[in-house]
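So the structure is just underneath, and the comments pick up after that.
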Amino acid sequence: MNLRLRLTALSFLQFFVWGIWLISLGGYMFAQFNNPIDPNLGIKVGNTYGTMGWASLVMPALMGILADKYLRAEVVLGLCHILGGGALYYASTVNNAGDMYWAIFLVSCFYMPTIALSNSVSYSLLSKAKLDIQKSFAPIRVWGTVGFIIAEWAVDLLGWTQNNNQFYFAAVAGICTGLYCFTLPPVPTNK
């Protein structure tokens, strides 16, 4: 398969996983965790979304070091997606806002590094293929946005925005994305 097409599929899947649950998470939490009425649930939802920021401060750097020195970037990317898929499955089983905070924090710890790793893998492979990164990457990356939007629509049209099917769907998509990453050409480490 053509390298650009493979990286386009990676970009699509990368953001498809995120689009499945990110937008509907707040509505899901209000639908599932507000009985009895919890006056602090809005704060808990905001804090849960805030876990992505906390995970973004540390995890991309740690996974980047791991990918630069010890494991190939596409392997780290695949492992992060698979572990994130497992964390999304765990999110489907929680039954209160406090546990959802920790579930989404765990998801974020594995998902947030994948954004930089996906870009790094794409840049490395495009460079290795002697392609102009500036011209080649933009048409590849735009499919990530398309994937995000299609995932949102799918969850909405299937009526999963307020039930845990969205997390099952995201878990399967994350694991499949991780397995796909293992099929990408190798990106050497900088030992």
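The values are calculated or read from the model by the stated rules, or taken from the named source; none is laboratory data. Treat the numbers as computed from the prediction; the structure is a model and nothing was measured. Every residue, glycine among them, receives a Cβ derived from its backbone with ideal geometry; neighbour counts consider all protein chains shown. Just so you know, the surface numbers come from the protein's heavy atoms only, side chains and all, with ligands and any DNA or RNA stripped out. Shrake-Rupley method; radii C 1.70, N 1.55, O 1.52, S 1.80 Å.
Taken together, the residues in segment 107-156 that are aliphatic (A, V, I, L, M) and within 22 Å of residue 189 (Cβ to Cβ) amount to 10. On inspection, residue 49 does not qualify as within 15 Å of residue 175 (Cα to Cα) and open to solvent by 10 Å² or more (accessible area, probe 1.4 Å). Taking the conditions (1) modelled with pLDDT of 95 or more; (2) in contact with a Leu (Cβ under 6 Å, 6 or more places away or on another chain) in turn, residue 34 satisfies each one other than (1). Just one of the listed residues (90, 111) is open to solvent by 40 Å² or more (accessible area, probe 1.4 Å) and either in contact with a Leu (Cβ under 6 Å, 6 or more places away or on another chain) or hydroxyl-bearing (Ser, Thr, Tyr) (or both), namely 90. When you look at residue 64, is it at pLDDT 95 or above, open to solvent by less than 70 Å² (accessible area, probe 1.4 Å) and within 19 Å of the chain's Cα centre (by Cα), yes or no? Answer is no for this residue. A count restricted to segment 130-158 and to residues that are open to solvent by 50 Å² or more (accessible area, probe 1.4 Å) and either among the aliphatic types (A, V, I, L, M) or in contact (Cβ under 8 Å) with a residue 24 or more places away in the chain (or both) stands at 14.
Here residue 176 fulfils each of the conditions (1) in contact (Cβ under 8 Å) with a residue 40 or more places away in the chain; (2) open to solvent by 70 Å² or more (accessible area, probe 1.4 Å); (3) assigned to a loop (DSSP other than H, G, I, E, B) apart from (3).
When you go through 43, 23 one by one, which is the residue that is in a helix (DSSP H, G or I) and out of contact with any Ser or Thr (no Cβ under 7 Å at 6 or more places or on another chain)?
Unique residue meeting the criteria: 43.
Pairs are defined by a Cβ separation below 7 Å, a sequence spacing of at least 6 or placement on different chains, a first member in segment 1-16 that is over 12 Å from residue 177 (Cα atoms), and a second member that is surrounded by fewer than 17 Cβ atoms within 10 Å (Cβ to Cβ); the pairs so defined are 3/129.
Out of the residues in segment 179-191 that are open to solvent by 60 Å² or more (accessible area, probe 1.4 Å) and either part of a loop (DSSP other than H, G, I, E, B) or not hydrophobic (A, V, I, L, M, F, W, C) (or both), state the one that is nearest to residue 68 (Cα to Cα).
The selected residue is 190.
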